[in-house]
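Undergrad: Below: one structure in structure tokens.
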Amino acid sequence: MSEASEDLVFDPNALRERYRVERDKRLRDDGNEQYAEITGEFAHYLEDPYVDELIDREPVTDEVDVVLVGGGFGGLQAAARLRAAGIKDLRIIEKGGDFGGTWYWNRYPGAQCDIEAYCYLPLLEELDYVPKEKYAYAREILDHSEAIGRHFDLYDSALFQTEVTELLWDQSVQRWIVSTNRGDKIKARFVSMANGPLHRPKLPGIEGVRDFKGHSFHTSRWDYEYTGGGPAGDLDKLGEKRVAIIGTGATAIQCVPFLGTAAKHLYVFQRTPSTVDVRGNSPTDPEWAKTLEAGWQRHRMENFNALISGIPQEKDLVDDGWTDLIGKMIHQFRKTQGNSNMTLEQMIEMANFEKMEEIRARVDDFVEDEAVAEKLKPYYKMFCKRPTFNDQYLPTFNRDNVTLVDTDGQGVERITETGLVVDGVEYEVDCIIYSTGFEVGTSYTRRAGYDVIGRDGKKLSDHWRNGTRTLHGMGSHGFPNVFVMNTSQGAFTANFPHLLDESAVHQAHIIAHALDKGFNQVEVTEGAEDEWVKTILGFAGGPLGGLGGADCTPGYYNNEGKPNPNAMQSAPYGGGSIRFFELMKEWREAGNFEGLEFN
Ligand code: NDP
């Protein structure tokens, strides 16, 4: 390989070695087990701080055509597509007090979606709505979720503050029996599981986590009663408080600036720095909005998805940090065209180094103290961890009342009754905010919070014990009439609502066909499931086989750096989301419902 280029301003070998050292010091034997499950004595961390009162109602025992588990974007999009396919008889079961899912729970100050709102907010054309800004704040997204609920007349079909506890297939009536924590036993012809990928908060299993006597909460259950203020900031009750935040992922990047402004003192406990790229938010130009023609949102979503999938487009409609890396790759490609010594993989690596150098230089641009700036620089490949975008996070570290406590990759050592210990030093605080994310690598049914008991008493937790087994990521043999909205064995794209919509369209197509033709049961055949598992495994080790490879610093993209024997089988379709969406369309257009058995 020839990396010799007069333009290279970095030493690839030195960077490779630095990345390796940073990864190695973070590798740990306990992998995912390092986190404490939020149950039992920790259960209060899950309480809903956003409801005014608990709904008191009688158990429901009726029958519907479709039960949707989850009233987040997945459930809402599935409901919209089912309604469009003429299916009226729905019931949505949602643990929150309203629709919104992720955006119901995540109301921390500064919560905002870092995927462009014109691509991210679902069903904009259907609702005739153009978001107010390029990057929408959580309140607008929550309002939009509620608007979808009203537009598709879903409120009467919703059971809020209700959690599914079991799905049981009753072959004698060919119906699912959906049980909930409210004593409901609802019969459903079909069930769609839109549980959401990141909804079960996790705590770090730090020694002493039970001992802290001060106040504490998880970012997805923000305690505004304690902090004062609201999602737009003004956390006026923190003026006399010493606050610790643990974690520096995408959530912390957004709320730290607000905490820094409000707290008497803020300690940011960092294990691994995030990449913090330019945000550059801007209000929507009403003149531009007037020019949008029918089909504009789909066109924009597809343009964005193509660019972040590495497929050059004539025009970059979104033109932001997400598409920038790919822009750099194309630039590199042009520079190196004719240089037959550099493979595509090497070129990508060089482009990645270049982007990360830019990210690291950005830290120096904003952070005055050189030692602090050095600690805030991420040394790993772009996309080893989820990229973040923010213009206020880095300057927050110039404030006198903000201290970065870098743990050199080791995490907080211990929590005491009064504070947190790192490198033998105790930092006394009044409040600990856990910005430590959500369960990812645990089993699907654990994250869902219930098991699915299919034909002949077969449990989904058993069927998927050694990795997901489905056709197209959406249905499994032995589990008739149930659909999964998930990335495992399906599509993956950073713009999650895009894949939810494709999945919603696909399942609505199958359900509508079954209902139209009077079939009671539709099930994936054993052969089709086997074939799809083989297809997924066929991509194992390929360049699109997943994010965060083994050479990456640990995180939830790579099962905390601990190889998971099931990971390859549970990976998204390795041919990429664009090909996957085409495959689904071709499958629908073929009209023979290959791989499904109806009766
Ligand atoms: P993450 O899982 O991304 O981050 C958790 C953080 O906690 C990491 O910085 C992790 O460090 C740190 N941590 C864990 N254990 C310890 C410990 N013992 N000591 C110190 N630090 C510790 O959670 P987030 O809530 O930030 O984000 C979750 C996901 O939500 C994102 O990845 C993204 O997909 C989504 N999100 C999306 C947004 C959007 O705009 N679309 C905005 C916010 C979130 P380490 O990195 O070393 O593991």
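The values are calculated or read from the model by the stated rules, or taken from the named source; none is laboratory data. This one's a predicted model, so the numbers in the text were calculated from it and none came from an experiment. Positions of Cβ are backbone-derived with ideal geometry, glycine not excepted, and every protein chain shown enters the neighbour counts. Keep in mind that these areas ignore ligands, DNA and RNA; they rest on the heavy atoms of the full protein, side chains included. Shrake-Rupley method; radii C 1.70, N 1.55, O 1.52, S 1.80 Å.
Undergrad: Please return the ranges of strands (runs of 3 or more DSSP E) entirely within the range 339-457 where 2 or more residues are touching a Lys or Arg at 6+ places or on another chain (Cβ under 9 Å) and of a type in the set (Val, Ile, Thr).
TA: Result: 419-422, 451-453.
Undergrad: Only one residue in Gly100, Gly110 is within 16 Å of the ligand (Cβ to nearest atom), part of a loop (DSSP other than H, G, I, E, B) and surrounded by fewer than 24 Cβ atoms within 10 Å (Cβ to Cβ), so which one is that?
TA: Testing whether each residue is within 16 Å of the ligand (Cβ to nearest atom), part of a loop (DSSP other than H, G, I, E, B) and surrounded by fewer than 24 Cβ atoms within 10 Å (Cβ to Cβ) leaves just Gly110.
Undergrad: Can you pull out every residue in the range 78-97 that is open to solvent by 40 Å² or more (accessible area, probe 1.4 Å) and of a type in the set (A, V, I, L, M, F, W, C)?
TA: Ala84, Ala85
Undergrad: Filtering the range 113-134 down to residues that are open to solvent by less than 20 Å² (accessible area, probe 1.4 Å) and outside any helix (DSSP H, G or I), which residue is modelled with the lowest pLDDT?
TA: It comes out as Asp114.
Undergrad: Which of the residues spanning the range 19-73 are acidic (Asp, Glu) and within 16 Å of the ligand (Cβ to nearest atom)?
TA: Once the filter is applied, which keeps residues that are acidic (Asp, Glu) and within 16 Å of the ligand (Cβ to nearest atom), the range 19-73 yields Glu22, Asp24, Asp29, Asp30, Glu33, Glu37.
Undergrad: I would also like to ask the following. Return the residues of the range 227-245 that are buried (at least 18 other Cβ atoms within 10 Å of the Cβ) and either among the hydroxyl-bearing types (Ser, Thr, Tyr) or in a loop (DSSP other than H, G, I, E, B) (or both); say none if nothing qualifies.
TA: Thr227, Pro231, Leu235, Lys241 - these are the residues of the range 227-245 that are buried (at least 18 other Cβ atoms within 10 Å of the Cβ) and either among the hydroxyl-bearing types (Ser, Thr, Tyr) or in a loop (DSSP other than H, G, I, E, B) (or both).
Undergrad: Go over the candidates Asp324, Asp320 one by one and state the one that is of a type in the set (Asp, Glu), surrounded by 14 or more Cβ atoms within 10 Å (Cβ to Cβ), within 14 Å of the ligand (Cβ to nearest atom) and closer than 25 Å to Ala138 by Cα.
TA: On inspection, the qualifying residue turns out to be Asp320.
Undergrad: Considering each of Gly249, Gly280, Gly295 in turn, give the residue that is in contact (Cβ under 8 Å) with a residue 40 or more places away in the chain, surrounded by fewer than 18 Cβ atoms within 10 Å (Cβ to Cβ) and within 16 Å of the ligand (Cβ to nearest atom).
TA: Gly280
Residue-wise test of (1) β-branched (Val, Ile, Thr); (2) modelled with pLDDT under 95; (3) within 16 Å of Trp322 (Cβ to Cβ); (4) away from the ligand (no atom under 16 Å from the Cβ).
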{"site": "Lys355", "(1), (2), (3), (4)": "no, yes, yes, yes"}
{"site": "Val367", "(1), (2), (3), (4)": "yes, no, no, yes"}
{"site": "Glu370", "(1), (2), (3), (4)": "no, no, no, yes"}
{"site": "Pro378", "(1), (2), (3), (4)": "no, no, no, no"}
{"site": "Arg386", "(1), (2), (3), (4)": "no, yes, yes, no"}
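Undergrad: Right, next: Look through Val402, Val440 and report the one residue that is of a type in the set (A, V, I, L, M, F, W, C), touching a helix residue (DSSP H, G or I) at 6+ places or on another chain (Cβ under 9 Å) and away from the ligand (no atom under 15 Å from the Cβ).
TA: Result of the check over Val402, Val440: Val402.
Undergrad: Ok, one more. Kindly check whether there is at least one residue in the range 541-563 that is in contact with a Phe, Trp or Tyr (Cβ under 7 Å, 6 or more places away or on another chain) and either of a type in the set (A, V, I, L, M) or open to solvent by 30 Å² or more (accessible area, probe 1.4 Å) (or both).
TA: Yes, because at least one residue in the range 541-563 is in contact with a Phe, Trp or Tyr (Cβ under 7 Å, 6 or more places away or on another chain) and either of a type in the set (A, V, I, L, M) or open to solvent by 30 Å² or more (accessible area, probe 1.4 Å) (or both).
Undergrad: Now, a different point. Among the candidates Phe258, Phe212, which residue alone is within 16 Å of the ligand (Cβ to nearest atom), of a type in the set (Phe, Trp, Tyr), part of a helix (DSSP H, G or I) and open to solvent by 20 Å² or more (accessible area, probe 1.4 Å)?
TA: None of the other options fit; the residue is Phe258.
Undergrad: Let me ask another. Quick one: how many residues across the range 263-275 are touching an Asp or Glu at 6+ places or on another chain (Cβ under 7 Å) and either buried (at least 24 other Cβ atoms within 10 Å of the Cβ) or farther than 23 Å from Gly409 by Cβ (or both)?
TA: 1
Undergrad: Which condition from (1) open to solvent by 20 Å² or more (accessible area, probe 1.4 Å); (2) within 16 Å of the ligand (Cβ to nearest atom) is the one that Asn390 breaks?
TA: (1)
Undergrad: Related question: Of everything in the range 176-206 that's open to solvent by 40 Å² or more (accessible area, probe 1.4 Å) and at pLDDT 95 or above, which residue is farthest from Gly75 (Cα to Cα)?
TA: Selected residue: Gly183.
Undergrad: Condition first: open to solvent by less than 20 Å² (accessible area, probe 1.4 Å) and of a type in the set (Gly, Ala, Ser). Now tell me which residues in the range 420-436 satisfy that.
TA: Ser435
Undergrad: Taking the range 386-409, which residues are among the acidic types (Asp, Glu) and over 27 Å from Cys552 (Cβ atoms)?
TA: Asp400
Undergrad: In this structure, is Val482 more than 15 Å from the ligand (Cβ to nearest atom), buried (at least 22 other Cβ atoms within 10 Å of the Cβ) and aliphatic (A, V, I, L, M)?
TA: Against the criterion (more than 15 Å from the ligand (Cβ to nearest atom), buried (at least 22 other Cβ atoms within 10 Å of the Cβ) and aliphatic (A, V, I, L, M)), Val482 qualifies.
Undergrad: With respect to Pro497, determine if the residue is open to solvent by less than 40 Å² (accessible area, probe 1.4 Å), closer than 30 Å to Asp320 by Cα, assigned to a helix (DSSP H, G or I) and within 16 Å of the ligand (Cβ to nearest atom).
TA: yes
Undergrad: Next question. On the basis of being closer than 17 Å to Gly72 by Cα, modelled with pLDDT of 95 or more, open to solvent by 30 Å² or more (accessible area, probe 1.4 Å) and within 16 Å of the ligand (Cβ to nearest atom), does Tyr137 make the cut?
TA: yes
Undergrad: For the range 140-150, which positions are within 16 Å of the ligand (Cβ to nearest atom) and either touching a residue at least 60 places away in the same chain (Cβ under 8 Å) or over 30 Å from Asn390 (Cβ atoms) (or both)?
TA: Answer for the range 140-150, where residues must be within 16 Å of the ligand (Cβ to nearest atom) and either touching a residue at least 60 places away in the same chain (Cβ under 8 Å) or over 30 Å from Asn390 (Cβ atoms) (or both): just Ser145.
Undergrad: Tell me the residue from Glu582, Glu589, Glu597, Glu502 that is among the acidic types (Asp, Glu), open to solvent by less than 40 Å² (accessible area, probe 1.4 Å) and away from the ligand (no atom under 16 Å from the Cβ), please.
TA: Glu502
Undergrad: How many residues are over 20 Å from Thr219 (Cα atoms) and modelled with pLDDT of 95 or more if we restrict to the range 429-464?
TA: Result for the range 429-464: 15.
Undergrad: Between a residue in the range 151-179 that is farther than 15 Å from Phe483 by Cα and touching a residue at least 12 places away in the same chain (Cβ under 8 Å) and any residue that is surrounded by fewer than 15 Cβ atoms within 10 Å (Cβ to Cβ) and aliphatic (A, V, I, L, M), which pairs come within a Cβ distance under 8 Å, given they are 6 or more apart or on different chains?
TA: Partner pairs satisfying both residue conditions: Phe160/Ile55; Gln161/Val51; Gln161/Leu54; Gln161/Ile55.
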